[in-house]
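One structure is given here, and the rest of the page talks about it.
The values are calculated or read from the model by the stated rules, or taken from the named source; none is laboratory data. As the structure is a prediction and not an experimental result, all values here were calculated from the model. Glycine also receives a Cβ, built like all others from the backbone with ideal geometry; neighbour counts cover every protein chain displayed. Ligands, DNA and RNA are excluded from the accessible area calculation, which covers all protein heavy atoms including side chains. Shrake-Rupley method; radii C 1.70, N 1.55, O 1.52, S 1.80 Å.
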Amino acid sequence: MAIEKFTKITSSAVPLPIENVDTDQIIPARFLKATTREGFGENLFRDWRYDSNNKPVEDFVLNDPRYSGKILVAGKNFGSGSSREHAAWAVHDYGFKVVVSSFFADIFRGNSLNNGLLPVLVTEEFLEEIFAEIEKDPKAEFEVDLKSQTFKIVSTGSTASFEINSYKKECLLNGFDDIDYLLNIKDKITAFEASRA
Amino acid sequence: MGKTLFDKIWDSHVVATIEEGPSVLYIDRHLIHEVTSPQAFAGIEKRGVEVFRPQNTVATPDHNVPTIDQHLSIKDELSRFQVNKLTENCERHGVTLFGLNHPYQGIVHVIGPQLGLTRPGMTIVCGDSHTSTHGAFGSVAFGIGTSEVEMVLATQCIMQPKPKKMRISVEGELPKGISAKDVVLYIISKVTASGGTGYFVEFAGSAIRSLSMEGRMTVCNMSIEMGARGGLIAPDQTTFDYVKGREYAPKGAEWEKELAKWKELYSDEDAVFDKEIVFDAADIEPMITYGTNPGMGTKVKGRIPTLDEVPEKERNSFTKSMKYMGFNPGDELIGKPVDYVFVGSCTNGRIEDLREVAKFVKGRKKADNITAWIVPGSKQVEQQAIEEGIVDILEEAGFKLRQPGCSACLAMNDDKIPSGKYAVSTSNRNFEGRQGPGSRTLLASPVTAAAVAVTGTIVDPREISELELV
Ligand code: SF4
């Protein structure tokens with residue numbers, strides 16, 4: 001299945017200045033019982049978002065009306081822990097297209113790329129700059145351009161470039177996924193098997 | 001230049017490399033369970049492709065299964081649906097399934113090694129981060145996401161950038177009473193929960209080599225908890241002896257042929273690692289965690305750091321973590337009351353772990369304030385525990401053995417630690433809510449957990465018993 005194409009977005013952002021946000025926070029295990037990929041956004045950050053009586057926790061960022069947008073800005077080491085792709089599905093399903101942090105856990109990063117969610121890695125200093133900008137103006141806009149691999153704070157013009165390997169970049173720009181690629185080289189895979197026998 | 005063990009295995013499994021992109025890596029063994037596979041099966045069906053090599057995939061339900069009355073139909077509707085879905089998918093696609101009540105069912109990372117499905121030199125993946133466990137056999141094993149599960153089903157390959165290599169050596173003799181769990185909690189407390197990100201870690205050194213296969217599995221299991229892609233240990237006689245004769249292990253001439261290959265699996269002397277760390281075994285004591293990631297660990301006899309001792313940037317997270325745990329910076333850990341003890345999981349739910357617990361609680365009684373859940377990692381472990389009389393010893397001391405599954409390790413079934421309660425757990429993650437919403441987890445070894453179960457408070461097992469410790 002092709003993934004959604006990604007080129008460029010301009011949007012406000014939601015700040016989550018917490019470090020080591022693990023996948024059990026992103027989507028707690030008890031919500032992993034579904035057998036489809038849809039609907040996980042509803043339970044994104046469930047235990048931070050709702051109290052034990054299922055009432056929204058007012059000061060949690062997703063419940064704070066000041067914040068909105070397609071960009072999630074998170075503290076260092078985002079997505080550590082379990083390999084559950086449900087975490088990337090939940091972030092994406094909620095409506096985010098980009099996650100920015102100064103450090104991503106490996107598996108989460110890979111899972112995001114496989115689902116059209118762009119992980120943008122910036123320096124700790126630049127991350128601080130983004131947080132400061134949102135604090136100053138919760139509606140501040142940011143521009144993420146995959147082609148030029150840049151993240152821009154619109155009001156100040158301050159820009160950071162980010163890395164992404166060129167294969168993954170092509171996939172995202174064109175909406176291709178890895179499985180299509182692998183299915184196309186099946187002959188090569190069969191030949192590899194034969195060479196080992 | 002020489003090659004590392006990791007390079008030898010990885011390089012021999014590369015089918016193709018995309019310029020400035022990932023490698024196409026061939027997968028020898030694919031393990032699946034009920035939680036991360038349904039969307040992958042649905043994916044290949046939607047594309048109209050078959051499972052490419054069904055004989056290389058093995059399935060078992062573990063995350064979602066009840067640990068009592070397994071012979072009855074699963075009560076929770078969603079769990080039952082998910083487990084049934086696994087059965088249907090395996091039947092439809094010709095994948096071997098060890099279903100609930102099958103004598104080989106169990107936690108996916110416990111059954112792989114036990115059945116000889118896990119072998120040196122293999123590439124092994126599973127839609128579960130603790131796939132790193134299998135690295136104990138000198139294999140390249142790591143967790144993948146569901147899109148990748150779909151790739152393996154469809155093509156027996158995944159696409160992965162090659163990670164960097166780190167070697168962590170623990171040299172010297174481990175002090176008496178120190179288990180593999182203490183070793184790995186110690187390592188993670190030093191390296192931090194994210195210090196291994198981007199790396200594949202080889203564990204080496206005389207203290208690591210002295211561990212049994214089960215101990216090595218405990219160490220590799222938790223390599224993911226420092227952010228590493230996986231961990232591995234060079235196979236040696238201990239490994240070969242463990243694999244030999246197991247159900248799916250090669251036999252006869254095939255065994256000899258494989259064995260010769262396995263003996264080549266080590267890092268060459270002049271191999272270069274991107275990072276090397278060396279620890280002294282003598283520094284390791286019984287360990288326990290006090291916070292909400294596995295890197296927040298200390299000696300059982302130690303104390304929680306004070307705010308001043310925490311790097312400034314981490315203070316917010318630290319304070320948040322302390323609030324969640326109901327602890328104060330600077331607190332001593334010894335003597336803190338505990339409500340639950342959980343012995344189980346793919347980290348410490350194997351027979352040696354149960355033996356250690358039994359040895360410790362024999363002739364003692366469980367403390368009244370403790371609810372203890374002892375959950376074997378597999379049906380085979382359960383059977384062994386019955387045959388060896390471990391179950392009787394446990395019952396005598398006031399414990400009961402439950403039935404195999406992931407259980408309170410991630411609390412997807414009914415085994416949830418209630419909000420605000422403290423659990424000393426032999427599992428691998430102390431994240432907020434991991435063992436149930438609001439639960440407070442302290443990770444420790446099976447012996448420490450047993451000692452806590454007996455005293456009802458956090459205790460250094462060496463204080464209670466010199467004799468029984470190995
Ligand atoms: S026991 Fe825990 S860590 Fe291991 S596979 Fe099950 S849920 Fe994952």
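General observations
- Within segment A:153-189, chymotrypsin sites (Phe, Trp or Tyr not before Pro) in DSSP loop having at most 14 other beta-carbon neighbours inside 10 Å: none
- Summed over both chains, the contact between A and B buries some 5000 Å² of accessible surface at a probe radius of 1.4 Å.
- Counts of other chain beta carbons within 10 angstrom of each beta carbon in peptide B:137-148 average 5.
- The phi torsions of segment B:97-103, fed into the Karplus equation with coefficients 6.51, -1.76 and 1.60 and a -60° offset, translate into couplings of 10, 9, x, 4, 6, 6, x Hz, rounded to whole numbers, with Gly and Pro shown as x.
- Chain A: angle of helix A:186-196 to the longest principal axis, Cα-based, in degrees nearest 10: 60 degrees
- Dipole magnitude for segment B:155-209: about 160 debye, using +1 per Lys or Arg Cβ and -1 per Asp or Glu Cβ, origin at the Cα centre.
- P(r) for chain A, from all Cα pairs and a bin width of 5 Å, is 1, 7, 15, 19, 19, 16, 10, 6, 3, 2, 1, 1, 0 %, short bins first.
- Accessible area expressed per residue, the protein assembly as shown, with surrounding protein chains retained (probe 1.4 Å, Å²): 37 Å²
- The relative contact order of segment B:256-334, computed from alpha carbon pairs under 8 Å that lie at least 6 residues apart in sequence, is 26 percent.
- Taking the average, over residues, of other Cβ atoms within 10 Å as the packing measure, peptides B:336-349, A:75-88 rank A:75-88, B:336-349 from highest down.
- Whole-percent carbon and sulfur share, accessible surface of chain B, 1.4 Å: 49 percent
- Whether the protein assembly as shown is rounded, prolate or oblate, judged on the alpha carbon gyration tensor where a/c under 1.5 counts as rounded: rounded
- Burial order of peptide ranges A:98-106, B:80-88 (average beta-carbon count within 10 Å, highest first): A:98-106, B:80-88
- Mean partner shielding of peptide B:17-25, defined as the number of other chain Cβ atoms within 10 Å of each residue Cβ, is 4.
- Take the Cα of residue B:69, go 7 Å toward its beta carbon, and the backbone nitrogen atoms of segment B:77-100 under 20 Å from that spot belong to B:77-84, B:100.
- Among B:203-215, B:184-196, the order from most to least packed when residues are scored by Cβ within 10 Å on average: B:184-196, B:203-215
- Cβ-Cβ FRET estimate between residue A:60 and residue B:270, R0 fixed at 45 Å, reported to 0.05: 0.25
- Listed by chain and number, the lysines whose C-alpha is less than 20 Å from the C-alpha of residue A:169, apart from same-chain residues fewer than 8 away, are A:5, A:8, A:70, A:97, A:147, A:152, B:162.
- Efficiency of FRET from Cβ geometry, residue B:400 and residue B:92, R₀ 51 Å, rounded to 0.05: 0.85
- Helix-derived mean residue ellipticity, 222 nm - over chain B, DSSP H n ≥ 4, -39500 (n - 2.57), to 500: -9000 deg cm²/dmol
- Modelled FRET efficiency - R0 30 Å, residue A:7 with residue A:49, Cβ distances, 0.05 increments: 0.50
- Candidate lysines for bridging to residue B:244, where Cα separation is under 17 Å - those fewer than 8 sequence places away on the same chain excluded: B:257, B:261, B:263
- Peptide A:100-107 is shielded by partner chain Cβ atoms: per residue, an average of 5 of them sit within 10 Å of its Cβ.
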